[in-house]
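Worksheet: one structure, shown below.
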Amino acid sequence: MPTNKPTFEENMQRLEQIVQELQNGNVPLEKALSEFQAGVKLSQTMQQTLQNAEDTLTKMMNPDGEEVPFTRDKGYEKQANGESQTDGDVPF
């Protein structure tokens, strides 16, 4: 039987709930440790989800239908590095 994996948003809600419980301080030590560990695992899962999304968004398809890394033009790179646009490059 397939299990439903929580969404990123559901994980975020659960993490916020854990943080709120721990901040209130009315949690026995054993439960606080357990909740803290659950929060760390949720945080790691969410970080991986964000990394996967970033990896997906930084790829594009070339005319042959192959995935290739997305690279910005040199004008954007100069702007990102704080260099002035003296050569007429448009930063997009």
Qualifying chymotrypsin sites (Phe, Trp or Tyr not before Pro) for region 13-77 [loop in DSSP, other Cβ within 10 Å: at most 12] | F70
Roughly how many debye, to the nearest 20, is the charge dipole of region 1-74 about its Cα centre, given +1 on each Lys and Arg Cβ, -1 on each Asp and Glu Cβ, and no other charges?
-> 160
Fewest to most Cβ atoms within 10 Å: D64, D55 sort as D64, D55
By Cβ neighbour count within 10 Å, fewest first, L22, L50, L42 rank L50, L22, L42
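A short reminder: the numbers here are calculations on the coordinates, not readings from a lab. Predicted model, so just to flag it, every value in this text is computed and none were measured. Heads up, the Cβs are rebuilt from the backbone with ideal geometry, glycines too, and the neighbour counts pull from every protein chain shown.
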